[in-house]
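Below: one structure, written as structure tokens.
The values are calculated or read from the model by the stated rules, or taken from the named source; none is laboratory data. Quick caveat: nothing in here was measured; it's all calculated off a predicted structure. Cβ placement follows ideal geometry from the backbone for every residue including glycine, while neighbour counts extend to all protein chains displayed.
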Amino acid sequence: MATRKTKKQQDVEVEAVEAPAEEKLHMQVSCVGYPSLNVRADAGLGADIVGTLENGAEFDVLEEKHGWYRTANGWVMARFCEPA
């Protein structure tokens, strides 16, 4: 705790409270019956496929939009993912 003087010269204890860090979702691909999940350029089935994530691959969710998760490499359908 830090102590500072005010204009009235009173000792005031000031406690710094840190805001909680945003919790990131850490997920893994879980698509039963398929070896991998398509990674797309945008959140939607009409978006270009830019890669794949193997079944069981883990990733951090950077954003969520309309049932899609944005990863570091693109967007994946949320329904094929579960908490890691």
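Annotation for the range 17-26: at least one member residue is at pLDDT below 95, part of a strand (DSSP E or B) and within 17 Å of the chain's Cα centre (by Cα). One residue stands out in the range 59-84 among those that are in contact (Cβ under 8 Å) with a residue 40 or more places away in the chain and surrounded by 10 or more Cβ atoms within 10 Å (Cβ to Cβ): the one that is nearest to Arg40 (Cα to Cα), namely Val76.
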